[in-house]
Structures are given as C-alpha cells and as structure tokens.
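Here's the structure, in structure tokens; my notes come after.
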Amino acid sequence: MTYRPPAAGTHPPLSAPGYRSTALRAPSHAPVVLPQGLTELTGPALRGPVGPSDDDLTRQHAGEPIGQRIVVFGRVLDGDGRAVPDSLVEIWQANAAGRYAHARDTWPAPLDPNFTGGGRVVTGADGGYSFTTIRPGAYPWGNHHNAWRPAHIHFSLFGRAFPQRLVTQMYFPDDPLLAHDPIVNSVPDERARMRMVSAFDLDATRPEWALAYRFDIVLRGGAATPFEEPHG
C-alpha cells in the first residue's frame, strides 16, 4: 500500500477556540514522538468475541427501543481505496431523546430502558460493516449559549493492536445544527467536514422497518475521513 497523507485541513487541530473543552486538554508543548516497540506493533490483539446482537442495537434488550429505526452501513477503506477487512468497528450514541445511558448524562430527557446505545462489528472481506440502531436525538451541551449538538453517532475503529485506534463521528444530512456546531467546524476544510456526513440510501432501506444511511470511512489519503486525533 502506498502511503498517502491526508489533505491539509482534514483533521481538526488539538485546540479549537470555538470548542471550549479543547483548551483544557490540548498540550501546551509540542508532542514527543516515542519509538514503537514490539508490544505496540503486535499486540494486544483486539479480537474478542462479537456477540450475535452486537450489531443490532434494537435487539439487545427484551423490549423495543423508542425511536426511528435506521441501518447505518458502509465500508472501511485505505488511502488507495482498498478494503480494510477484520477491523473492529465500535459505535456509541445517545437515544432518540438525545440522552446517553451514562451516569454523567443528567439532562432531563427520558432514558430508554430498551436502548443502551453501544454496538460493535468486525468488517468483512470487502471492508463492509452494518449496524441496526435508532436515530439519535440532539442534545444541549453547555459549550456556549444555547449550544446543541447535532444528531450523531461516535465511531471507533481498531486495527490489529491497541494503539491502532481511530475515532470519528457520523452526522446526518440536512441537519440544521451542523452549521452551528463547533466540533464539526473544528475541521478546517469544508469538503472534509462533509465526509463526516452520511448519505441517505433509499435502496438500502428495509421496507416497513428501517431507513438506511451509508457512511464510508477512509483511513488515509486526500479523501480521508476526519478523525479526532492528529495524523502524520
């Protein structure tokens, strides 16, 4: 595989003025690059068993979750457009009311006892993955006056070892909150921002059951998906 660096402006900076909490965690000095040893390059392997309902967040509890069912699917690709098989893809998200099943999420939106909001799957030979879930709701987050996060799903991708992890977020087309979100707008290049927005796919919908959104993830190159950590 030919190494293809991402285009300038693809990944957000560590400190983005509009995204207030980056000021608390961005380093004040240049990072020090440490050489990788055998442990970092070869393990630990991340291939624990994936359960039969891990890819269907609507079937993880006894009852039906509240909200609009959706299928989120796509492919994981390298910088040359080739499939990346055997990659562990994890997602986590808020419920249809915009609330996470987490003790620190205390804003007064209802919890759904039939929706935990987490799933995982391993990509196939074609780099493909698919989740069935509920479309998440928007929620306030206190970054600035009247701040609301657009509906989104968090994605985590693992390679063959623990350090090989990438994190991004998937958004929905035509969301009016996208233009006002400092996290989305921390990605400098507007074209790169749009690579975090899924595409509605009518052909992939499940009739009378779930709408479908396609979200391909490109790891490197000029068409790379923006990720939350810097890339060289």
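The values are calculated or read from the model by the stated rules, or taken from the named source; none is laboratory data. Since the structure is predicted, the reported quantities are computational estimates derived from the model, not experimental observations. Note that we place each Cβ from the backbone using ideal geometry, even for glycine, and neighbour counts take in every protein chain shown. Surface areas here come from the heavy atoms of the whole protein model, side chains and all, with no ligands, DNA or RNA. Shrake-Rupley method; radii C 1.70, N 1.55, O 1.52, S 1.80 Å.
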> Name the residues in region 33-63 that are at pLDDT 75 or above, farther than 24 Å from Val122 by Cβ and open to solvent by 50 Å² or more (accessible area, probe 1.4 Å), would you?
Replying inline: Ala62
> Residues that are among the polar types (S, T, N, Q), open to solvent by less than 10 Å² (accessible area, probe 1.4 Å) and at pLDDT 95 or above: which strands (runs of 3 or more DSSP E) entirely in region 65-146 hold 1 or more of them?
Replying inline: 88-93, 128-134
> Any idea which of Val72, Val89, Val84, Val121 is under 20 Å from the mean Cα position of the chain (by Cα), over 22 Å from Leu211 (Cβ atoms) and in contact (Cβ under 8 Å) with a residue 12 or more places away in the chain?
Replying inline: Val84
>> Can you tell me which condition Ala161 does not meet? The list is (1) at pLDDT below 95; (2) more than 19 Å from Phe215 (Cβ to Cβ); (3) open to solvent by 30 Å² or more (accessible area, probe 1.4 Å), and all the others hold.
In response: (3)
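Suppose the filter is under 17 Å from the mean Cα position of the chain (by Cα) and touching a residue at least 24 places away in the same chain (Cβ under 8 Å); does Thr58 pass it? Reasoning before the result, please.
Values: under 17 Å from the mean Cα position of the chain (by Cα): no; touching a residue at least 24 places away in the same chain (Cβ under 8 Å): yes.
Answer is no for this residue.
Quick check on my filter: what residues within region 181-232 are assigned to a loop (DSSP other than H, G, I, E, B), aromatic (Phe, Trp, Tyr) and crowded, with 19+ Cβ neighbours inside 10 Å?
Of all residues in region 181-232, those assigned to a loop (DSSP other than H, G, I, E, B) come to 181, 186-189, 195-196, 198, 201, 205, 207-209, 215-216, 219-232.
Still in the list and also aromatic (Phe, Trp, Tyr): 209, 215, 227.
Matches in region 181-232: Phe215, Phe227.
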